[in-house]
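I have placed the structure first, in the form of structure tokens, so that the comments after it can refer back to it.
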Amino acid sequence: MKYLIDHIGKIIGGKFLQFAENNEIAHLLTDSRRLVFPATTLFFSLKGDRKNGSQFIDELYHRGVRNFVVFSEMDIAPFKDANIILVKDSLFALQELATHHRSLFDIPVIGITGSNGKTMVKEWLNQLLEDEYHIVRSPRSYNSQIGVPLSVWQMNEAHELAIFEAGISQPGEMERLEKIIKPNIGILTNIGEAHSEGFTNMERKLAEKLALFENAAVVIYCSDHPAVSKSLRHIASHKDMELFSWGKNDLSIVKVAQVNHHGQNTDFDIVYNEEPFSFSIPFADDASFENAMTCICTLLYLKLTPAIINNKLQRLSPVAMRLELKGGINNCSIINDSYSADINSLRIALDFVLQQQQHAKRTVILSDILESGQEESKLYQEVANLLQQKKVNRLIGIGEKISKHKAVFHQIAETVFYDSVNLFKTDFTHLHFRDETILLKGARKFEFETIDRLLAEQIHQTVLEINLNAMADNLKQFQQLLRHSTKIMVMVKAFSYGGGSFEIANMLQFRKVDYLAVAYADEGVELRKSGIGLPIMVMNAESGSFDLLLQYQLEPVIYSFRLLELFDAFLRKEAMPPFPVHIELETGMNRLGFDIGDLQKLIEALKTSCFKIQTVFSHLAASEEAQQDAFTRQQADLFLTAADEIQAVFQYPFLKHIANTAAILRHPDLQLDMVRLGIGLYGIDSSHGQRLRLHEVSVLKSTISQIKHIAAGTTVGYNRKGIAEKDMGIATVGIGYADGYSRKMGNGTGKMMVKGRLAPVIGSICMDMTMIDITGIPDVQEGDEVVVFGPGLPVEQLAKWAQTIPYEILTSVSQRVKRVYFEE
């Protein structure tokens, strides 16, 4: 199914500010960070609260996009070969295009709405029906005014069933979504308080939800909610609409006769068409039972037999939720559920807290509840009753509204309230968290992620200072060595070589680098959460992190057939469009990558995959060593030949890169499409060529905790390894091997800088402390600063003492060491 840009212009009622070429359009884009296929992408410039899409047109144009829909007049001169369509409302235009696209299909379309459970029901229906239908469905939770049209746009001639979610927060929104989805099968999961703030009452919210079923042939719902049943019966009486209900009352089409939760399962009996049937699901919670009943009714409506349905139910697998349990400070357990804050999800989260048996004490950190639609005093009284019922020992309320109603929480043993997160953080050290389960439950606007990080933060006197000015100058020096067409990827893996990921990535984003690379997905997630929008390559993607790759638009390196097959299968399961990946070839490093001998097998696998190849690359094993230049050349030749063979098969271009920091300096002919800058950014010239005047950007420093004066012959440290050859002054410094200071530095091997002079280590390195000989250094006092590496004591010197490389010294600095960033 092809769309040409002139046809799209007519569909959305737009005016061409400029028509360059009648391009074919296959992909719609509203977020510049998610660009995959520039040549066939149409970018809709949407108006936002803080940023407008028009701010990204120039960037997208330079990345190859040539088709744009805009909502205001603009200077078209810089975009000479672009098609630019002017519309009154670009969001409405996007929706009009999706509405037209939907009208071309005559297949069953399931539209799901409700306060909770939409995504779970959608995913379970896909699991239950994928053997019978070729299904298209909403990726993730694409249920908004933007997400729905992007979901519907995925429909093509091969699909036999569509499943789309619809979520709303304001009156009038569902009418627009109904025109786009046009479901002939409607599902209402439930009606609760989530996202109720925009509605005057629950009846108005229900009426808005039910607008999705304006043209549905059937609506599937739970009849145990009187208001829902009443409203649907009224609507059905004026339309040719079937009501397919389930519930415990006798009027239900599917009557629930008995429910039995046991262990990790739920068994239940139903009556359908006057016949009894028994079912079982591998879940024990009420929400899973309700979602399963909705799915069962849908399958019954689609004419699947109860026996087949029950067999399929056993294959149901959990759908990843946003509740997170992890260890915290002082032997605490942290449950982070800061995705939303409403009374129903609070109840679910508190049930999860009760399941945790690690600690007797339970603390809840709760923000204002913003989307309830309830009168505030009644709302917070209900919250207080719930917390008491769930045996919460301590409540920390954050927000002006919950603080205003603090009196209703008087039955909880310990309470404290703050008007803002910042006030909570100011008072954090006085709250004394220890040996307890802590639930973080906050509306997204409160950014409880900062509290989450605080609960894991370790206070430490040792700091690593990073000079961002020096780092930016190092970057500029490397950029000046590159051809204008060569892009630059910066390695920020291993906590940015020990320097701290976000702050460095933020500087790199400001300096307009093209790509970032991290080792693992969780490093990329932290960058995304901190607002980094640059493309991010993940070098060691693991199957357990696939969901994070999709959620945070992280691009994995595919280096083996096993990983290729696993990720391709995952993408198909998630119904995702072609996803950006990077292909690593093995040319001599013998670490990771596809062997050149398997190239044809690789090409065949890529041709049928759900991947969009962003780059093909390899690793040089010894680019810094002149005596290995012949081997480096051999690697490059193998790589270029293989990359060209892959390129010959695919019609779209991808980037090729093999040069690392040393190769940028020593092998300029290997710049290709992109280079990878690593330790050079941090001021380390691994080629030792002195070609650039690089600055070391990091200073690791600590302080003297105590000074002792000892007599000759006295021993120092564990195993009495240090022996005073004369009367000495020794200082205990607050850094040890747990901070990343290698034990190889012990017994005089390593030195630290005190008052501008080197002080040798005496004795063994302890976990948290190191003793140094300060004899002969005048005016040293407790509390004085000690430089571990920095000006006058470069990282390379420590590497020589420890018989290692600067990479290891930098990346060994543990994360409990506080990072301090500064600009001169």
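How much length would be gained if the chain were fully extended between Leu550 and Lys487, taking 0.36 nm per residue of separation minus their Cα-Cα distance, in nm to one decimal? Before the final figure, lay out the partial values.
Values: separation 63, 0.36 × 63 = 22.68 nm, distance 2.44 nm.
Full-extension gain reported as 20.2 nm.
Tell me, what ³J(HN,Hα) does each residue in the range 181-189 have, in order and in whole Hz, if you take phi through Karplus 6.51 cos²θ - 1.76 cosθ + 1.60 with θ = phi - 60° and put x for Gly and Pro?
Those phi angles translate into 7, 6, x, 9, 10, x, 10, 10, 6 Hz.
Contact order normalised by length for the range 588-703, with contacts defined as Cα pairs under 8 Å and 6 or more residues apart; what percent is it? Don't jump to the answer; show the numbers that get you there.
Working: 128 pairs, mean separation 25.0, N = 116.
The value is 22 percent.
Determine the percent antiparallel among the DSSP beta bridges restricted to the chain, to the nearest 5. Provide the component values of the computation, followed by the final result.
Values: 52 of 132 bridges.
Among the beta bridges of the chain, antiparallel pairing accounts for roughly 40 percent.
Given a cut-off of under 8 Å on Cα pairs at least six residues apart, what relative contact order in percent is computed for the chain? Show your work: numbers first, answer last.
Working: 1656 pairs, mean separation 62.6, N = 824.
Taking the mean separation of contacting Cα pairs over the length of the chain, I get 8 percent.
What net charge do the residues around Asn23 carry, taking every other residue with its C-beta under 14 Å from that of Asn23, with Lys and Arg at +1 and Asp and Glu at -1?
Working: positive: Lys2, Arg66; negative: Asp6, Glu21, Glu24, Asp81.
Summing Lys/Arg as +1 and Asp/Glu as -1 gives -2.
Can you give the convex hull volume of the alpha carbon atoms of the range 599-703 per residue, in Å³?
Convex hull volume per residue, Cα atoms: 149 Å³.
Pop a pseudo-label 7 angstrom from the Cα along the beta-carbon direction at both Glu376 and Leu431 and give the gap in nm to one decimal.
Result: 2.2 nm between the two label points.
How far apart, in nm, are the 7 Å Cα→Cβ label points at Asn260 and Lys726?
8.7
Can you send over the solvent-accessible area of Cys332, 1.4 Å probe, protein chains only, in Å² to the nearest 10?
Counting only protein heavy atoms, the figure is 10 Å².
Using the structure shown, select from Lys122/Lys205; Lys487/Lys607; Lys10/Lys122; Lys312/Lys612; Lys487/Lys701 the pairs with a Cα to Cα distance greater than 24 angstrom.
Details: Lys122/Lys205 21 Å; Lys487/Lys607 26 Å; Lys10/Lys122 33 Å; Lys312/Lys612 33 Å; Lys487/Lys701 35 Å.
Violating the 24 Å limit, Cα to Cα: Lys487/Lys607; Lys10/Lys122; Lys312/Lys612; Lys487/Lys701.
Take each of the peptides 23-33, 551-561, average the number of other beta-carbon atoms within 10 Å over its residues, and list them starting from the highest.
Details: 23-33: 17.6, 551-561: 20.0.
Peptide ranking by packing, descending: 551-561, 23-33.
Quick one: net charge around Val218, please, counting Lys, Arg +1 and Asp, Glu -1 for every other residue with C-beta under 12 Å from its C-beta.
Numbers: positive: Lys239; negative: Asp240, Glu242.
For residues surrounding Val218, the net value is -1.
Could you list which residues have their amide H under 5 Å from that of Leu655, counting only those 5 or more apart in sequence or on another chain, with H placed in the peptide plane?
When sequence neighbours closer than 5 places are left aside, the close amide H contacts are Thr615, Val616.
Determine the per residue accessible area of the range 632-684 with all protein chains present and a 1.4 angstrom probe, expressed in square angstrom.
Values: 1740 Å² over 53 residues.
Spelled out: the 1.4 Å probe surface of the range 632-684, per residue, equals 33 Å².
Under 13 Å from a point placed 7 Å out from the Cα of Ala621 along the Cα-to-Cβ direction: which residues of the range 556-593 have their backbone N that close?
So the set is 586-592.
Net charge within 11 Å of Lys404 by Cβ-Cβ distance, Lys/Arg positive one each and Asp/Glu negative one each, not counting Lys404 itself?
Details: positive: Lys401, Lys406; negative: Asp368, Glu376, Glu400, Asp419.
That sum, taken over residues with Cβ under 11 Å, equals -2.
May I ask you to derive the FRET efficiency for Met1 and Gln634 from their Cβ-Cβ distance with R0 = 56 Å, giving the value to the nearest 0.05? If you can, show how the numbers build up before the last one.
Working: r = 47 Å, r/R0 = 0.84.
After rounding, the FRET efficiency stands at 0.75.
Taking a probe of 1.4 angstrom, what is the accessible area of Tyr807 in Å², to the nearest 10?
Its accessible surface works out to 80 Å², give or take rounding.
Quick one: how many Å² of Ile723 are accessible to a 1.4 Å probe, rounded to 10?
About 100 Å², rounded to the nearest 10.
Where does each of Arg528, Arg347, Arg562 land when they are ordered by accessible area, with a 1.4 Å probe and the largest first?
Working: Arg528 35, Arg347 85, Arg562 165 Å².
Ranked list, largest accessible area first: Arg562, Arg347, Arg528.
For Rg/Rh (Cα atoms, Kirkwood Rh), which listed value, (i) 0.97; (ii) 1.01; (iii) 1.03, comes from the coordinates shown?
(ii)
Report the extension gain between Asp595 and Leu454 in nm, rounded to one decimal, defined as 0.36 nm multiplied by the number of residues separating them, less their alpha carbon distance.
Numbers: separation 141, 0.36 × 141 = 50.76 nm, distance 4.48 nm.
Extra length available between Asp595 and Leu454 comes to 46.3 nm.
Spelling out what I want: for every residue of the range 380-392, take phi, set θ = phi - 60°, compute 6.51 cos²θ - 1.76 cosθ + 1.60 (Karplus), and round to whole Hz; glycine and proline get x.
Once θ is set to phi - 60°, the couplings for the range 380-392 become 6, 5, 5, 4, 4, 4, 5, 4, 5, 4, 8, 6, 7 Hz.
Would you mind calculating the gained length between Ile603 and Ala236 on full extension (0.36 nm times residue separation, minus the Cα-Cα distance), in nm to one decimal? The partial results should precede the final answer.
On the way: separation 367, 0.36 × 367 = 132.12 nm, distance 5.47 nm.
Taking Ile603 through Ala236 to full extension adds about 126.6 nm, to one decimal.
Using each residue's phi in the range 18-29, evaluate 6.51 cos²θ - 1.76 cosθ + 1.60 at θ = phi - 60° and report the 3J(HN,Hα) Karplus result to the nearest Hz, with x for Gly and Pro.
Running phi through 6.51 cos²θ - 1.76 cosθ + 1.60 with θ = phi - 60° gives 7, 10, 9, 7, 7, 6, 7, 10, 10, 10, 10, 9 Hz.
Give me the angle, in degrees from 0 to 90, between the Cα long axis of helix 118-129 and the longest principal axis of the Cα atoms of the chain, rounded to the nearest 10.
Helix 118-129 and the main axis of the chain meet at about 80 degrees.
Can you give me the % of accessible surface on the chain that is carbon or sulfur? Probe 1.4 Å, all protein chains present, nothing else counted.
Working: 17970 of 36830 Å².
Within the chain, the accessible surface is 49 percent carbon and sulfur.
What angle do you read, to the nearest 10 degrees and between 0 and 90, between the alpha-carbon axis of helix 629-649 and the longest principal axis of the chain?
That works out to roughly 10 degrees.
Can you grab the distance from the C-alpha centre of the range 81-144 to the C-alpha centre of the range 614-636, Å, no decimals?
47
Mind giving me the nanometre distance, one decimal, between the label points for Ser278 and Glu808, set 7 Å out from Cα along Cα→Cβ?
6.4
Along the charge dipole of the chain, Cβ charges K/R +1 and D/E -1, which of Thr363, Phe68, Ile679 sits furthest on the positive end?
Ile679
What is the calculated FRET efficiency for Val649 to His410, with r their C-beta to C-beta distance and R₀ = 56 Å, to the nearest 0.05? Mind showing how you got there, number by number?
On the way: r = 71 Å, r/R0 = 1.27.
Taking R0 as 56 Å, the efficiency between Val649 and His410 is 0.20.
Packing-wise, with mean Cβ within 10 Å as the measure, how do 465-471, 218-224 rank, highest first? Intermediate results must be reported in sequence, preceding the final value.
Working: 465-471: 19.4, 218-224: 22.7.
Sorting 465-471, 218-224 by mean packing, highest first, produces 218-224, 465-471.
The values are calculated or read from the model by the stated rules, or taken from the named source; none is laboratory data. Computed from a predicted structure; not experimentally measured. Glycine gets a Cβ as well: all are built from the backbone with ideal geometry, and neighbour counts include every protein chain shown. For the accessible areas, the whole protein counts, side chains as well, though only heavy atoms, and no ligand, DNA or RNA atoms are used. Shrake-Rupley method; radii C 1.70, N 1.55, O 1.52, S 1.80 Å.
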